[in-house]
Ligand code: URA
């Protein structure tokens with residue numbers, strides 16, 4: 001692929017801006033300055049540097065963000081900044097529409113949020129048909145009883161669904177810490193299920209989606225690349 005097109009596809013500006021970046025000598029590959037926008041490179045495994053910042057080529061982007069509280073997952077936020085503001089410009093400007101959140105977390109929910117520009121992957125991860133498990137760490141207002149765990153596992157009725165919804169797994173970790181695994185993504189699902197079972201969510205954190213776990217060293221507000229493509233074993 002031509003160097004200026006590589007930069008364009010990875011979100012480093014318009015075609016013209018990318019050409020100028022190369023001509024201006026701001027792009028390095030393998031320790032060598034590359035000043036010819038038409039030079040061809042194999043993209044597999046390619047890492048280029050723009051203004052000293054290394055950037056690995058990804059045909060499709062998939063990133064993990066540690067969402068802090070106080071951010072909305074919407075692209076058009078209403079009351080708080082968007083999670084998109086936590087990402088560097090190239091991820092937002094990749095050719096096509098840039099990355100977008102895979103599903104949503106509430107403004108006050110923290111933890112693992114995936115973002116991608118791969119439409120098929122978004123469908124696979126969010127469609128209830130694929131049953132991708134999402135793990136939530138729930139801090140409850142009242143002490144967790146066995147009856148609460150049983151109710152969440154056997155199913156509770158929510159106001160917008162006639163049939164009970166159940167957690168795929170539910171574990172009492174401590175008096176006020178519940179670990180819940182869901183395979184659907186209904187609106188405020190954890191909070192509404194816990195309320196329907198007679199308790200209340202004081203804090204909510206997502207720790208995993210499928211086989212992807214929030215990396216321990218990833219601080220709130222930070223992002224990193226995720227393995228891609230998604231393991232077929234997870235997204236059956
Ligand atoms: N369930 C909720 O209630 N809120 C979230 O943010 C995610 C799941």
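By the count of other C-beta atoms within 10 Å, a proxy for reagent exposure, 144, 6 are ordered fewest to most as 144, 6. The convex hull drawn around the Cα atoms of the chain, when projected onto a plane and averaged over every direction, covers 14.4 nm². Using the Cα gyration tensor of segment 58-106, with a ≥ b ≥ c the square roots of its eigenvalues, what is the shape: rounded (a/c below 1.5), prolate (a/b larger than b/c) or oblate (neither)? Here segment 58-106 falls in the prolate category.
Normalised by residue number, the volume inside the convex hull of the Cα atoms of segment 3-67 is 99 Å³ per residue.
Based on the mean of other beta carbon atoms within 10 Å per residue, what is the order of 191-197, 146-152, 159-165, 102-108, most packed first?
Numbers: 191-197: 20.0, 146-152: 16.1, 159-165: 10.0, 102-108: 17.7.
Most protected by this proxy first, the peptides run 191-197, 102-108, 146-152, 159-165.
Send over the Kirkwood Rh of segment 1-109, from the inverse of the averaged 1/r over different Cα pairs, rounded to one decimal Å. Display every interim value, and only then the final one.
Working: mean 1/r = 0.0661 Å⁻¹.
One over the average 1/r among Cα pairs gives 15.1 Å for segment 1-109.
Between the beta carbons of residue 33 and residue 123, assuming R0 = 35 Å, the FRET efficiency works out to 0.30 to the nearest 0.05.
Taking label positions 7 Å along the Cα-Cβ direction at both residue 183 and residue 163, the computed distance is 1.2 nm, reported to one decimal. For residue 1 and residue 40, the difference between the fully extended length at 0.36 nm per residue and the C-alpha to C-alpha distance is 13.5 nm. Counting only DSSP beta bridges with both residues in the chain, the antiparallel share comes to about 95 percent.
Please give the calculated 222 nm ellipticity per residue for the chain, where each DSSP H segment of at least 4 residues contributes -39500 (n - 2.57) and the sum is spread over every residue; nearest 500 deg cm²/dmol?
Mean residue ellipticity at 222 nm (helix-derived): -5000 deg cm²/dmol.
Relative to its Kirkwood radius, the Cα radius of gyration of segment 133-209 gives an Rg/Rh of 0.91. Footprinting exposure proxy ranking of 84, 1, fewest other C-beta atoms within 10 angstrom first, gives 1, 84. Taking all Cα pairs closer than 8 Å and separated by 6 or more residues, the relative contact order of segment 41-162 comes to 21 percent.
What is the Cα radius of gyration of segment 55-195 over 2.2 N^0.38 Å, N being its residue count?
Dividing the Cα radius of gyration by 2.2 N^0.38 Å gives 1.17.
Each label point was placed 7 Å from the Cα along the Cα-to-Cβ direction; for residue 142 and residue 53 their separation is 4.9 nm. Our summary gives the chain a relative contact order of 20 percent, counting only alpha carbon pairs under 8 angstrom and 6 or more residues apart. Annotation for segment 78-122 versus segment 53-70: alpha-carbon center distance of 9 Å.
Here, each number is a calculation from the coordinates, and none is a lab measurement. These figures come from a predicted structure and were not determined experimentally. Note that each Cβ is placed from the backbone with ideal geometry, even for glycine, and that neighbours are counted across all protein chains shown.
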